[in-house]
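Take a look at the structure set out below.
The values are calculated or read from the model by the stated rules, or taken from the named source; none is laboratory data. On a predicted model such as this, the values are computed, not experimentally measured, just so you know. Neighbour counts are summed over all protein chains in view; Cβ atoms, including those assigned to glycine, are modelled from backbone coordinates with ideal geometry. To get the accessible areas, we keep the full protein, side chains included, count just its heavy atoms, and leave off ligands, DNA and RNA. Shrake-Rupley method; radii C 1.70, N 1.55, O 1.52, S 1.80 Å.
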Amino acid sequence: QVQVVESGGGLVQPGGSLRLSCAASGVTFREYNLAWYRQAPGKQREQVARITVSSNTNYADSVKGRFTISRDNAKSTVYLQMNNLKPEDTAVYYCNLYLPNYWGQGTQVTVSS
């Protein structure tokens, strides 16, 4: 059975940092491309970062220079380091393994003073 579990969300002030983690089990993790998505209230889910099996990365323009995605195949975990957070980063963040697609349940990130 495949399980994908995110953690690390929370409430942070503008300018602060958080690191999200996503641990997967039941899959051969190193064979999957990975991505982080987010969905704010009333908005569509958007991809914020992705990392390929060969660790090539890509970022949405809105987070470029502030967010860093990384993977640890030995731990079957993908990370999203988020720095200089802004109120507009507030959303539920989801981890995605593809293809086939597997999703986590999401973790809430709230940026507010």
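Overview of results
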quantity: Relative counts (whole %) of C-alpha pair distances in the range 1-53, using bins that are 10 Å wide; calculated: 18, 45, 30, 7
quantity: Residue with peak Gaussian network fluctuation, the chain [Cα springs, cutoff 10 Å], from Gly26, Gly15, Gly42; calculated: Gly42
quantity: The chain, accessible area per residue, ligands and nucleic acids excluded (1.4 Å, Å²); calculated: 53
quantity: Cross-link partners of Lys86 among lysines (Cα-Cα below 20 Å; sequence separation of 8 or more within a chain); calculated: Lys43, Lys64
quantity: Given the chain, longest segment not containing exposed loop trypsin sites (Lys or Arg not before Pro) (DSSP; at most 16 other Cβ within 10 Å); calculated: 67-113
quantity: Fraction in percent of alpha-carbon pairs per bin - 5 Å, the range 25-74; calculated: 5, 19, 25, 21, 16, 9, 4, 0
quantity: Under Karplus coefficients 6.51, -1.76 and 1.60, residue-wise ³J(HN,Hα) of the range 83-95 in Hz, glycine/proline x; calculated: 10, 6, 5, 10, x, 6, 7, 4, 4, 8, 9, 10, 9
quantity: Residue-level accessible surface for Trp36, protein heavy atoms, 1.4 Å, Å²; calculated: 0
quantity: Linear extension gain, Glu88 paired with Ala74, 0.36 nm per residue minus alpha-carbon span; calculated: 1.7 nm
quantity: Förster radius 22 Å - calculated FRET efficiency between Gln108 and Thr57, Cβ distance, rounded to 0.05; calculated: 0.35
quantity: Whole-number D in µm² s⁻¹ for the range 71-113, Kirkwood Cα-pair radius fed into Stokes-Einstein, 4 °C, 1.567 mPa s; calculated: 107
quantity: Karplus-derived HN-Hα couplings along the range 15-30 (A = 6.51, B = -1.76, C = 1.60, θ = phi - 60°), whole Hz, x at Gly and Pro; calculated: x, x, 10, 9, 10, 8, 10, 9, 9, 10, 9, x, 9, 8, 4, 5
quantity: Long-range tail of P(r) for the chain (Cα pairs > 25 Å, %); calculated: 15
quantity: Estimated vicinal HN-Hα couplings, Hz - the range 64-80 in sequence order (Karplus 6.51, -1.76, 1.60; Gly, Pro = x); calculated: 4, x, 10, 10, 9, 9, 8, 9, 10, 5, 5, 9, 6, 9, 10, 10, 9
